[in-house]
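**Q** Input: one structure, supplied below.
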Amino acid sequence: MKPLTEISIPGAEKTLQEHRRVYTVISRTVPSALLSDIQFCRIENDILRVTVSNAAVLARLRFSASQIIDDLANQDIQVNQVNWHVSREKVESTPRKKVAPAIKGADKKSAKLVESTANDMPDDELKRALMKMARNLGQEG
């Protein structure tokens, strides 16, 4: 297998040189504090496509678009407009916290309160549900 330095991809060197030229121009135009937030840029059909790390950076960089276009033109790189994109954030999943199940028989006082409330109700589905709840609350664990 050939080492990576010996593998040639047609047009890759030219594309890499153009990318360097574009990035050099952008690095002179964009404030240095925001430069590290530019993740990717390329020219496609005379449109400079720039991907940034977050929307706050994008809002601040939009004001640089006309200056970037002018600076690229001074370097004989034709661009008519700049399209800005925000990269997707990597969302790390957070495991849900396990909630301990209710302990049966832990609250006799609540069981008596629920039972007395249910006793004062007419005989219906709600009364039966409250009575069942009172029994569950009053059971020994």
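The values are calculated or read from the model by the stated rules, or taken from the named source; none is laboratory data. What you see is a predicted model, and the numbers here were worked out from it, not measured in a lab. Positions of Cβ are backbone-derived with ideal geometry, glycine not excepted, and every protein chain shown enters the neighbour counts.
**Q** Only one of Val82, Val50, Val25 is β-branched (Val, Ile, Thr), surrounded by 13 or more Cβ atoms within 10 Å (Cβ to Cβ) and assigned to a helix (DSSP H, G or I). Can you tell me which?
**A** Unique residue meeting the criteria: Val25.
**Q** Please work out which one of (1) acidic (Asp, Glu); (2) outside any loop (DSSP other than H, G, I, E, B); (3) under 30 Å from Leu16 (Cα atoms) is the condition Glu89 fails and give its number.
**A** So Glu89 meets the others, but not (2).
**Q** Could you tell me which numbered condition Phe40 fails, if it satisfies all but one of (1) surrounded by 13 or more Cβ atoms within 10 Å (Cβ to Cβ); (2) under 14 Å from Tyr23 (Cα atoms)?
**A** (1)
**Q** Just checking, which of Leu61, Leu113 is at pLDDT 85 or above and surrounded by 16 or more Cβ atoms within 10 Å (Cβ to Cβ)?
**A** Answer to the selection: Leu61.
**Q** Looking at the range 92-109, can you tell me whether even one residue there is within 19 Å of the chain's Cα centre (by Cα), polar (S, T, N, Q), at pLDDT below 90 and not in a strand (DSSP E or B)?
**A** Yes: the range 92-109 contains one or more residues that are within 19 Å of the chain's Cα centre (by Cα), polar (S, T, N, Q), at pLDDT below 90 and not in a strand (DSSP E or B).
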